[in-house]
Amino acid sequence: MPEGPSILILKERLAPLKGKLVAETLGESEIDFNRLVQHKVTDVRSYGKNLILCFKGFFIRIHLMMYGTYLINDRKPAKPKLRIVTKDYEVNFYTCIVQLEEGKPDDRYSWETDVLSEEWDALKAEKTLKAMTKEKVCDVLLDQDIFTGVGNIIKNEVLFRISVHPESLVKSLPPKKIKELVKEARNFSFDFYNWKKINKLNRNLKIYAKKECPRCGIPSQTTYIGKGKRLTCFCTNCQVLYVPEPLIK
C-alpha cells in the first residue's frame, strides 16, 4: 500500500492537471463521471494515503489500496477505475478506490494529523498518545487518526530508529520516547519522500525486510503482529520492550 510520501510524490507529478478543463472522463468507479466534464481541476492535494483532485464545490478522493497503480499520458489494456483527459494531458488510475465528495477537503480532513503537512501538530499527537492505556506502539503508528500517512515501512523504521520494541505498550513509554516517536514519525516520512524521489529508498532502509540488525549484527526478527497482523521487523537485542513493571507482593 503506498504510504504518505509516495502519495505526496504523486501529487507533485499531477501538478500539471491544476487549472485544466476536463474534456473526457470514464472508468469503472461508481461515481457520476459527467459531473467532472467541463469542470476545471482547481487543485491537486494529498492527505495521508489519499490523493485529492479538487473541483469547484466537490472533490475526488483516490486511495490506491494495496495494489493500485496509475499512468500519466499512457494506458493499460484494462479499463481504469478513473480516467481524466484534458486537451493535452491524461491520467489513468487502476485497482483503487475512487469517491466523489461534496464540498471542500478542508471541511472534511484534519490536516494537523498529516505527518507531511505544514499544519502537522506534534503536541496534539503527544497528548493523544499520553492518554492511551492499552495500545501497542505497532498499532498506534498505523492509526490514521493520529499519524495520517504513516504505513508499515515507516512504522518499522521509526521503531528501529528510536530503539523501541513494536509490542511495547504506549502507556509504558518514558515521556522522552513518546517525543521521539512523534518526532521520528515525521522525520522518517520526509526521509522516505526524499529517498523515494531519487529511487534510493530500499538501500536506506535499516530493518524492514532485512535479515540482520545493522546495529547488533544478529539476525532480525520477522513476524506478523498487532491488530492488523502486519509484517513487523525488529531486533530483540537493541529494541527495548516497554511493558508495565510487575507488581511486587
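Quick look at the values:
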| item | result |
| --- | --- |
| Residues of type lysines that K179 reaches as a straight line, Cα spacing below 17 Å, ignoring anything fewer than 8 places off in the same chain | K124, K127, K130, K136, K155, K171 |
| Residue order, fewest to most beta carbons within 10 Å, for T236, T86 | T236, T86 |
| Expected 222 nm ellipticity per residue - DSSP helices of 4 or more, -39500 (n - 2.57), all of the chain, to 500 | -7000 deg cm²/dmol |
| Using a Förster distance of 25 Å, the FRET efficiency for K18-Y67 (Cβ separation, nearest 0.05) | 0.35 |
| Theoretical gain in end-to-end length, N204 to K79 [0.36 nm per residue, Cα-Cα removed] | 41.4 nm |
| Footprinting exposure proxy for L53, L129 (fewest neighbouring C-beta atoms within 10 Å first) | L129, L53 |
| Cβ-based exposure ranking for R13, R45, in which fewest neighbours within 10 Å come first | R13, R45 |
| Cα-based helix-to-principal-axis angle, 175-197 vs the chain, degrees rounded to 10 | 40 degrees |
| Rounded tilt (10° steps) of 4-13 against the dominant C-alpha axis of the chain | 30 degrees |
| Per-pair calculated FRET efficiency, R0 = 51 Å: T95 and E126 via Cβ, rounded to 0.05 | 0.90 |
| C-alpha center-to-center spacing [region 183-199, region 36-103] in angstrom | 24 Å |
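Bear in mind these aren't lab numbers, they're just calculated from the coordinates by the rules spelled out. Here the structure is a predicted model, which means the values were calculated and not measured. Cβ: placed from backbone, ideal geometry, glycine included. Neighbour counts: every protein chain shown.
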